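The values are calculated or read from the model by the stated rules, or taken from the named source; none is laboratory data. Only a predicted model underlies this, so the values are computations on that prediction, with no experimental measurement involved. For neighbour counting, all protein chains shown are included, and Cβ atoms are generated from backbone atoms with ideal geometry for every residue, glycine included. The protein model used for the area step is the full one, side chains on, heavy atoms only, and it has no ligands, DNA or RNA in it. Shrake-Rupley method; radii C 1.70, N 1.55, O 1.52, S 1.80 Å.
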Amino acid sequence: MLTRAVEFYVFVVALDVLLAWVQENPARWPRRFTHLLTEPVLVLVRRLMGGWQPGGWDLSPVVLIVGLTCIKLGFRGFVV
């Protein structure tokens, strides 16, 4: 159950990134929904990264996806 939730959230983060390339305004639908779900967590990730943005790129979604994937793989090892 938890691994499915993590997979769904990774999908929502990836969808938000793709929508950000096409639709910059996070106030318009459907980006409003994905931004609402992802931005609170991404703010925490950005804070943990300490403002590190090589070349001005926001890598917080990548860091979040890698972190969630590691968590998912960790739970897969514990839950049979």
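The dipole here belongs to the chain: it is taken about the Cα centre, uses +1 on the Cβ of Lys and Arg and -1 on the Cβ of Asp and Glu, and is about 160 debye. Computed over protein heavy atoms with a 1.4 Å probe, the carbon and sulfur contribution to the accessible area of the chain reaches 72%. Solvent exposure of the chain, expressed per residue, is 74 Å² of accessible area, with all protein chains present and a 1.4 angstrom probe. Since only Val45, Ala5, Gln23 are under comparison, the one whose Cα sits farthest along the positive direction of the charge dipole of the chain, derived from C-beta charges on Lys, Arg, Asp and Glu, is Ala5. Taking the C-alpha atoms only, the angle from helix 60-78 to the longest principal axis of the chain is near 10 degrees. In the chain, the longest principal axis of the Cα atoms and the axis of helix 2-22 are about 20 degrees apart. Here the label points at Val62 and Ala5, each 7 Å from Cα along the C-beta direction, are separated by 2.8 nm in the simple model. How much net charge surrounds Lys72 when only other residues with a Cβ under 10 Å from its Cβ are counted (Lys, Arg +1; Asp, Glu -1)? Charge balance near Lys72 sits at +1.
Sequence-distant contacts, meaning Cα pairs under 8 Å at least 6 residues apart, place the relative contact order of the chain at 38 percent. Relative to the 2.2 N^0.38 Å rule of thumb, the chain has a C-alpha radius of gyration ratio of 1.17.
Per-residue ellipticity at 222 nm computed for the chain from its helices equals -25500 deg cm²/dmol, with DSSP H segments shorter than 4 residues left out and the rest contributing -39,500 (n - 2.57).
Between the helical axis of 31-49 and the longest alpha-carbon principal axis of the chain there is an angle of about 70 degrees.
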